[in-house]
1. Quick one: dipole size for the chain, taken about the Cα centre, charges +1 on Lys/Arg Cβ and -1 on Asp/Glu Cβ, in debye to the nearest 20.
2. Put a dot 7 Å past each Cα toward the Cβ at Ile18 and Ala51; how far apart are the dots in nm?
3. For the chain, with all protein chains present and a 1.4 Å probe, just round the carbon and sulfur fraction of the accessible area to a whole percent.
4. In Å², and per residue, what accessible area does the chain have when probed at 1.4 Å with the other protein chains present?
Amino acid sequence: MKTIVSRFMKDETGVTAIEYGLIAALVAVGIITALTTLGTSLSSIFGDVSAELDAA
């Protein structure tokens, strides 16, 4: 029983998968934040262009 527990404590095969998952989640949050901000800016720009075209 002691060897099974010690082998379990030394096993780090799942750790890298968890780390990659956390990194991917962090990158996804960054992309979503950037696209949300960019989307708001683009919406404002297209609104201005539309107003100018309507006035012309």
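The values are calculated or read from the model by the stated rules, or taken from the named source; none is laboratory data. Small disclaimer: the values here were computed from a predicted structure and weren't measured. Here the Cβ is made from the backbone with ideal geometry for all residues, glycine too, and neighbour counts use every protein chain on show. Side chains are part of the model used for accessible areas, which takes the heavy atoms of the whole protein and leaves out ligands, DNA and RNA. Shrake-Rupley method; radii C 1.70, N 1.55, O 1.52, S 1.80 Å.
1. For this selection, approximately 680 debye.
2. 5.2 nm
3. 72 percent
4. Per residue, the chain has an accessible area of 93 Å².
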